[in-house]
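Shown next, in structure tokens, is the structure this report addresses.
The values are calculated or read from the model by the stated rules, or taken from the named source; none is laboratory data. Keep in mind that what you see is a predicted model, and the values were worked out from it rather than measured. Positions of Cβ are generated from backbone atoms using ideal geometry, with glycine treated the same way; all protein chains shown enter the neighbour counts. The protein model used for the area step is the full one, side chains on, heavy atoms only, and it has no ligands, DNA or RNA in it. Shrake-Rupley method; radii C 1.70, N 1.55, O 1.52, S 1.80 Å.
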Amino acid sequence: DSSEASTVKKLVLEEGNGELPTDGSSVEIEYTGTLVGEKDWSAQDVADCWLSQLQGLDHLKAEFIQNNIDFALLSDTNVFTEEFCTTTLGISNKIQAKKLLMARNRLTKSQDEHPAGT
């Protein structure tokens, strides 16, 4: 279903107050586009939410799911290494493997800097 491919999940941190806008009204919202809750991501979540959407690496989706690469494994720098990427995931291009690791590092840094609920 193509509508699920672009689904955005939201978490309301604080319920607003005041009058509800009517249909056709212009409204202004404050939004920060950060990912939260990655620590609970399953292999399917990693493949769907991170790998496919953020990195454009759809061709690795099956390998991520088959190898059960959830957030815990993805963020484990002792396991998810360049060697893991080349041998387990079959990435023959070392530059692509390094880009994958750099993207993982950005994700884990973002998680550390912006923990859920902050």
Given backbone amide H placed at 1.01 Å from N, residues whose amide H is under 5 Å from that of TRP41, ignoring those fewer than 5 places away on the same chain, are PHE71
Vicinal HN-Hα couplings computed from phi for region 106-111 (Karplus, 6.51 cos²θ - 1.76 cosθ + 1.60; Hz; Gly/Pro x): 5, 5, 5, 5, 4, 4
Around THR87: net Lys/Arg minus Asp/Glu count, Cβ-Cβ under 13 Å: -2
Over region 53-97, with every protein chain in place, what whole percent of the accessible area is carbon and sulfur at 1.4 Å, could you tell me? 46 percent
Shape call, region 66-118: gyration tensor on alpha carbons, a/c limit 1.5: prolate
